[in-house]
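Structure incoming, see below.
The values are calculated or read from the model by the stated rules, or taken from the named source; none is laboratory data. Because the structure is a prediction, the values reported are computed rather than measured. A quick note on method: Cβ atoms are made from the backbone with ideal geometry, for glycine too, and the neighbour counts reach across all protein chains shown.
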Amino acid sequence: MSGTSNRKRQNHSVFSFLNAKRKRFFCSGVLKGHIKERSKIFRNIGVILHILFLLGILSGWISLGCLNPFAPKLTDQLEVGDLVVTQQKTPLEVLQNFKISYMFQDSLLYSNTIDTSFIFVYREGTTSEWVSWGREEDLVTTGRMFRHFNVIDLVWNETIDETLEESVSEISRGFNLTLTGEQSGYTISGRADFTFRKGNDEKWRISRWKDWSDI
């Protein structure tokens, strides 16, 4: 495939929308054993007290359910101006999770926004022909994009058109996508046409995405 085509593939996911350098924060794991022969291991009473202090903090975290103040919150309702992981009860909630997955470079969250029948459609730069790929190739391509760029910022713009129905809906939305890497960066704007499907679990997911990016 040509260099232009490779760039296009990178800039899809570049759109699936190609903030500070993101690191994933996870709760510390629960201690798996008991400390044995404490008197032999900790000879210095200062070390013992220090470690017990740290364990006290860890226990507090565990009792709070491994609360992570840096992670997006999980809620049933979308809060304006907040990064909230939604339950995807509407197509707009899917787009919210889509944005969060890009900004936090979260491949798992992203995978939950696209349907098993997902198709991505874009215009090939060298031929201007419409080409497409399926869910598995999209997940691989998006994962590579997440690993390549340090900062990804996605801004949804105006809704150009929408058709909301009981089990299948369509939304056309403008966007700005900024990708920043170690040695290169991109700013992409354009339009995305999304088709959403409501699953048996009552969650909405993207079944088709047509990219009209200005590359």
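Given the criterion of a type in the set (Asp, Glu), at pLDDT below 95 and in contact with a helix residue (DSSP H, G or I) (Cβ under 9 Å, 6 or more places away or on another chain), identify the matching residue among GLU166, GLU124, GLU158.
None of the others qualify; the one that does is GLU124.
Now for a separate question. Is there a residue being at positive phi and over 14 Å from the mean Cα position of the chain (by Cα) anywhere in the stretch 166-173?
No, the stretch 166-173 has no match at all.
Can you report the number of residues in the stretch 157-186 which are within 20 Å of ASP106 (Cα to Cα) and surrounded by fewer than 18 Cβ atoms within 10 Å (Cβ to Cβ)?
Number satisfying all stated conditions: 6.
Out of everything in the stretch 119-153 that is out of contact with any Lys or Arg (no Cβ under 7 Å at 6 or more places or on another chain), hydroxyl-bearing (Ser, Thr, Tyr) and not in a loop (DSSP other than H, G, I, E, B), what residue ends up being surrounded by the most Cβ atoms within 10 Å (Cβ to Cβ)?
THR142
Identify all residues within the stretch 197-215 that are part of a strand (DSSP E or B) and in contact with a Lys or Arg (Cβ under 7 Å, 6 or more places away or on another chain); write none if there are none.
Across the stretch 197-215, the qualifying residues are ARG197, TRP204, ARG205, SER207.
Determine which member of the set ASP193, ASP211 is crowded, with 18+ Cβ neighbours inside 10 Å and more than 18 Å from LEU109 (Cβ to Cβ).
Being crowded, with 18+ Cβ neighbours inside 10 Å and more than 18 Å from LEU109 (Cβ to Cβ) holds for just one of ASP193, ASP211, which is ASP211.
Looking only at the stretch 92-117, how many residues end up being out of contact with any Ser or Thr (no Cβ under 6 Å at 6 or more places or on another chain) and among the aromatic types (Phe, Trp, Tyr)?
Residues that pass the stated criteria total 2.
With respect to THR116, is the statement that it is among the polar types (S, T, N, Q) and not in a loop (DSSP other than H, G, I, E, B) true?
For THR116, the condition - among the polar types (S, T, N, Q) and not in a loop (DSSP other than H, G, I, E, B) - is met.
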